Amino acid sequence: MSETANGDGLKPKYKRVLLKLSGEAFGQGSKSGISIDETLNIAQQVKRVVDRGVQLAIVVGGGNILRGAQFSAGGSLINEVTADYMGMLATILNGLALQEAMESLNYQTRLLSAIPMQSVSEPYIRRRAIRHLEKNRVVVLAAGTGNPGVTTDSAAALRAWELGCEVLLKATRVDGVYSDDPERNPHAVRYEKLTYAQVVRDNLRVMDIPAIDRCREAKMPILVFDYKREGSIERAIAGHPIGTWVCDS
């Protein structure tokens with residue numbers, strides 16, 4: 001079967017994958033809140049991946065609803081720790097929306113939260129999450145690690161390691177890692193491949209340092225790519241040269 005624009009005919013290179021979605025993936029442009037259209041678009045892309053037999057875990061952010069950092073500026077009434085917990089709760093809303101979107105496409109999905117919230121989600125238990133993956137259920141992971149002061153990037157790196165994933169896909173609105181912000185600097189250069197050491201040395205905005213260190217220790221390759229390009233998630237899982245790869249060499 002020949003490849004098409006939407007990724008048809010691409011054979012997965014990886015069996016178990018961790019996809020990191022920022023909160024902005026669920027929003028529309030600069031607007032806050034959850035966009036049903038954007039959420040359904042994510043679900044449809046996920047469907048095509050799962051149809052190929054890939055076991056998929058998804059870590060969701062909550063920045064489209066609330067960022068803990070917005071309350072931690074000087075003079076804020078809200079304590080920084082409390083603000084981080086508020087940000088974690090925002091990820092639950094995105095997780096619920098994605099779960100409903102996936103199940104509207106007739107795909108079994110489990111929302112697991114690092115903060116106990118039994119009325120709307122299962123608690124995150126590593127062995128339970130692995131069992132869901134083995135049963136070909138989409139596993140949506142919310143509330144980060146359940147601890148303040150830990151980013152969703154670090155949560156994604158930790159969960160990818162815990163669940164035995166082969167690759168961490170970081171979905172963004174740009175097509176890789178650049179030497180500078182490409183939205184402000186038209187001369188910024190896109191990297192095709194980086195080492196973990198280069199990312200740390202050059203302070204490139206891939207993921208925070210603890211996340212990079214975790215992936216380096218686990219020899220977990222990271223792919224930063226534009227998820228909105230048609231077929232990009234399928235191509236990423238097929239190991240095609242899209243976006244920017246971060247690995248040992």
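For the stretch 23-29, putting each phi into the Karplus relation 6.51 cos²θ - 1.76 cosθ + 1.60 with θ = phi - 60° gives couplings of x, 4, 5, 8, x, 10, x Hz, in residue order, rounded to whole numbers and with x for Gly and Pro.
Remark: spin-label model distance Asp226-Lys15 equals 3.4 nm, labels positioned 7 Å along the Cα→Cβ axis.
Placing +1 on each Lys and Arg Cβ and -1 on each Asp and Glu Cβ, with no other charges, gives the chain a dipole about its Cα centre of roughly 700 debye. The stretch between Glu122 and Lys135, if pulled fully straight at 0.36 nm per residue, gains 3.1 nm over its current Cα-Cα span. Computed over the stretch 115-198, relative contact order equals 15 percent, with contacts defined as Cα pairs under 8 Å that lie 6+ residues apart. Taking only the C-alpha atoms of the chain, the Rg (one decimal) and the largest Cα-Cα distance, Dmax (whole number), read 17.3, 60 Å. Working from Cα pairs under 8 Å separated by at least six residues, relative contact order for the chain is 23 percent. The stretch 101-133 and the stretch 199-249 have Cα centres lying 25 Å from one another.
For the peptides 41-51, 17-27, the ranking by packing is 17-27, 41-51, with the highest mean count of neighbouring Cβ atoms within 10 Å listed first.
Protection proxy ranking, highest mean first, for peptides 137-146, 124-133, 237-246, 109-118: 137-146, 237-246, 109-118, 124-133, where packing is the per-residue count of other beta-carbon atoms within 10 Å, averaged.
In the stretch 16-247, with Lys and Arg counted as +1 and Asp and Glu as -1 at Cβ, which of these residues, Gly29, Asn147, Pro186, has the Cα nearest the positive end of the dipole, that is, farthest along it? The residue sitting most towards the positive pole is Asn147. Each of Ile92, Tyr227, Leu10 was placed along the dipole of the chain (beta-carbon charges, centred on the mean Cα), and the one lying farthest toward the positive end is Leu10. Here the label points at Thr195 and Glu162, each 7 Å from Cα along the C-beta direction, are separated by 3.1 nm in the simple model.
Going down the table (Lys47/Lys193; Lys170/Lys193; Lys135/Lys228), which pairs top 23 Å between alpha carbons? Correct reply: Lys47/Lys193; Lys135/Lys228. When the charge dipole of the chain is built from unit charges on Cβ atoms (+1 for Lys and Arg, -1 for Asp and Glu) and taken about the Cα centre, the candidate among Thr39, Asn79, Ala160 whose Cα reaches farthest toward its positive end is Ala160.
A short reminder: the numbers here are calculations on the coordinates, not readings from a lab. What you see is a predicted model, and the numbers here were worked out from it, not measured in a lab. Glycine also receives a Cβ, built like all others from the backbone with ideal geometry; neighbour counts cover every protein chain displayed.
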